[in-house]
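Quick note: the coordinates plus some simple rules give every number you see, no bench work behind them. Remember, it's a predicted structure, so these values are computed and weren't measured experimentally. Neighbour counts are summed over all protein chains in view; Cβ atoms, including those assigned to glycine, are modelled from backbone coordinates with ideal geometry.
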Amino acid sequence: MTKKFLILLLFSGFSLAALAADVTGTWTGIFHTREGGAFETNLVLKADGSNLTGTFQQGTSDEIQIENGKINGDQISFTLTRGTGDKTRKVNYTGKVEGNNMKLTMQMAGTTRTQEITLTRK
């Protein structure tokens, strides 16, 4: 009985991993600010089970490593730390992947204001 349960558990784990969206790769789009600016955005992701690693780059800024990256089915989330020294701020991203499109919502930690960006897999 225990052996059957372990086999079932093992196959269940593989099934759940198979349900996760394939997000590994390079995603690009244009971020439009409320003030009318537009910045090319590049997100490079690598999924490892439910963990997500990668880099985020926008406009002429340097690449930033994503933190706390997670994937659950077609839902992803990660955090960026912007700024330096004692002037850093966290920006939280949540989103949904649909095929080769990803819609992200960003929210600065401690605020209620959000902005959206849609990225396309390269």
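Before moving on, here are some points about what is shown:
- Backbone amide hydrogens, once placed in the peptide plane, bring residue 74 within less than 5 Å of 21, excluding anything fewer than 5 places away on its chain.
- Taking amide H atoms as placed 1.01 Å from N in the peptide plane, the amide H of residue 66 lies under 5 Å from those of 54, 55, 56, each 5 or more residues away in sequence or on another chain.
- Phi angles of the range 81-86 translate, via the Karplus equation with coefficients 6.51, -1.76, 1.60 and θ = phi - 60°, into HN-Hα couplings of 10, 10, x, 9, x, 8 Hz per residue; Gly and Pro are given as x.
- Spin-label pair residue 90-residue 74: with each label point 7 Å from Cα along the Cα-Cβ axis, the two points sit 2.8 nm from one another.
- In order along the range 74-80, the Karplus-derived 3J(HN,Hα) couplings, from 6.51 cos²θ - 1.76 cosθ + 1.60 at θ = phi - 60°, round to 9, 9, 10, 8, 6, 10, 10 Hz, and Gly and Pro are given as x.
- Sorted by Cβ density within 10 Å, fewest first, the residues 89, 121: 89, 121
- Phi angles across the range 57-65 convert, under the Karplus curve 6.51 cos²θ - 1.76 cosθ + 1.60 with θ = phi - 60°, into 3J(HN,Hα) values of 9, 9, x, 9, 6, 6, 5, 10, 6 Hz, Gly and Pro given as x.
- Cα gyration tensor shape of the range 9-122, rounded if a/c is under 1.5, else prolate or oblate by comparing a/b with b/c: prolate
- Qualifying aspartates and glutamates (Cα of each under 12 Å from Cα of residue 96; at least 8 residues distant if same chain): 22, 74, 116
- Amide H to amide H distances under 5 Å link residue 24 with 47, where only residues 5 or more positions off or on other chains count and H is placed in the peptide plane.
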